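Contents: one structure, followed by commentary.
What follows is calculated from the coordinates using simple rules that are stated; it is not laboratory data. These figures come from a predicted structure and were not determined experimentally. Glycine gets a Cβ as well: all are built from the backbone with ideal geometry, and neighbour counts include every protein chain shown.
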């Protein structure tokens with residue numbers, strides 16, 4: 001029964017009571033809740049476009065634009081999950097991705113000035129160990145940061161990211177200093193060279209889609225609903241019996257897992273990893289990508305990554321390479337001023353504006 005039907009029934013009951021007639025309570029009609037799939041027609045259309053993209057795009061666009069955008073979007077998705085659904089902004093997500101990338105190079109095979117640093121493990125074992133350790137590091141960063149809020153949490157995660165950058169830059173026995181590791185590429189599996197642009201694009205697409213669906217499922221699961229409640233009112237959730245700190249640390253672990261997978265894909269995409277890969281500029285770039293797309297939408301970081309990569313790739317043809325950060329900053333500032341919810345929020349506002357009849361709703 002809708003609210004309007006309930007009010008009409010109650011008004012009718014009050015009228016019969018005033019006339020001295022017996023009042024019969026309205027019978028509640030509970031309608032069965034229909035299952036609503038989170039996957040709609042637009043998702044099918046977008047997926048079909050992504051699957052067919054390498055068929056009509058050049059290898060340059062497939063690899064440089066498509067694969068890079070998806071890998072960066074996966075790292076930014078971890079920040080979207082923390083910020084949009086947990087209310088926690090972390091600037092250390094690229095640090096977690098960098099830990100995974102460095103471990104792949106250290107435990108696996110690479111070409112560096114000192115070849116004895118890389119241990120030469122099988123690629124699958126190196127990747128598995130890298131993801132596990134990076135996820136644990138993400139949880140540890142969360143354990144340090146979740147007892148604070150706002151600017152203090154941002155500063156703690158930024159301090160962790162800067163500390164890791166200088167550790168990689170100054171340590172030569174493990175991280176090979178400023179040179180880093182070269183020739184860290186995707187392996188050959190099932191007789192297929194996954195370094196090939198089209199195959200690598202589909203590899204990144206698979207894991208990006210897995211991360212997106214995982215976040216879409218998690219935000220509807222009890223853990224995700226509790227996390228959003230903690231975001232809105234942690235004191236009330238604590239009074240209801242939820243362990244606020246444990247939920248936040250678990251959210252950092254989940255975000256660390258997503259960022260770790262993105263870090264492995266990024267080191268395979270670049271074919272190398274150096275301290276510049278985890279520098280301060282990339283810590284900020286991940287935040288820019290997440291905010292550009294929209295922190296309240298799991299698809300937002302991928303849209304933000306596409307815009308970022310397109311500007312990074314083609315803006316240098318119009319302006320000097322040194323002024324690229326100025327262009328990114330101007331776009332970021334415009335999005336924040338006109339649409340705090342990113343490009344998706346701007347699209348929703350325009351859609352509502354042009355779909356509403358003139359004169360307003362009656």
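Residue exposure proxy: 102, 172, ordered by other Cβ atoms within 10 angstrom of their Cβ from fewest to most, comes out as 172, 102. Computed from the Cβ-Cβ distance with R0 of 25 Å, the FRET efficiency linking residue 147 to residue 240 stands at 0.80.
For segment 233-263 and segment 148-210, write down the distance between their C-alpha centroids in whole Å. Rounded to whole Å, the Cα centres lie 23 Å apart. With no solvent and one equal point scatterer per Cα, compute the Debye intensity ratio I(q)/I(0) for segment 121-280 at 0.12 Å⁻¹ and report its log10, rounded to two decimals. Here the Debye-derived log intensity ratios amount to -0.67.
As a proxy for reagent exposure, 217, 202 were ordered by neighbouring Cβ count within 10 angstrom, fewest first; the result is 217, 202. A Förster radius of 30 Å combined with the Cβ-Cβ distance from residue 48 to residue 128 puts the calculated FRET efficiency at roughly 0.40. Working from the Cα coordinates of segment 199-253, the gyration tensor eigenvalues give, after taking √(5λ), semi-axes of 31, 10, 7 Å in decreasing order.
Taking the beta-carbon count within 10 Å as an exposure proxy, list 280, 58 from fewest neighbours to most. Provide the component values of the computation, followed by the final result.
Details: 280 14, 58 11.
If I rank by nearby Cβ atoms, fewest first, I get 58, 280.
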